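Note sheet for the following structure.
The values are calculated or read from the model by the stated rules, or taken from the named source; none is laboratory data. Note that this is a predicted model, so its numbers are computed, not measured. A quick note on method: Cβ atoms are made from the backbone with ideal geometry, for glycine too, and the neighbour counts reach across all protein chains shown.
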């Protein structure tokens, strides 16, 4: 036999469902804020790693120049010293600029007309 719920029982059930949905909404908002905070922390950690990687990229060549083994019978020429200096300079410049050295790619020109015929 089918039981017919009274109006009061239906109203109580509706209030309960509304309370549950509000709890779920607040929980979802909390989870979204947790994800945003986690992404912010991840970006900060990656920025620290990127900086450390750049510092290591600068320190190793400079350390090699300062503390590297020098061969007594081989003398470096002016051109090789100049190229080494330019290499170190470009690394230092890219570290302070925060971007890779080089130029941004230029937009390519289209070889075909913009309107197509059927």
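Points to keep in mind about this one:
- Here is the figure for the range 1-51: residues that are farther than 30 Å from residue 95 by Cβ and assigned to a helix (DSSP H, G or I) total 29.
Residues are listed down the side, and each one gets a yes or a no for (1) exposed (fewer than 10 other Cβ atoms within 10 Å of the Cβ); (2) at pLDDT 80 or above:
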site	(1), (2)
29	no, yes
46	no, yes
54	no, yes
58	no, yes
61	no, no
65	no, no
73	yes, no
76	no, no
87	no, yes
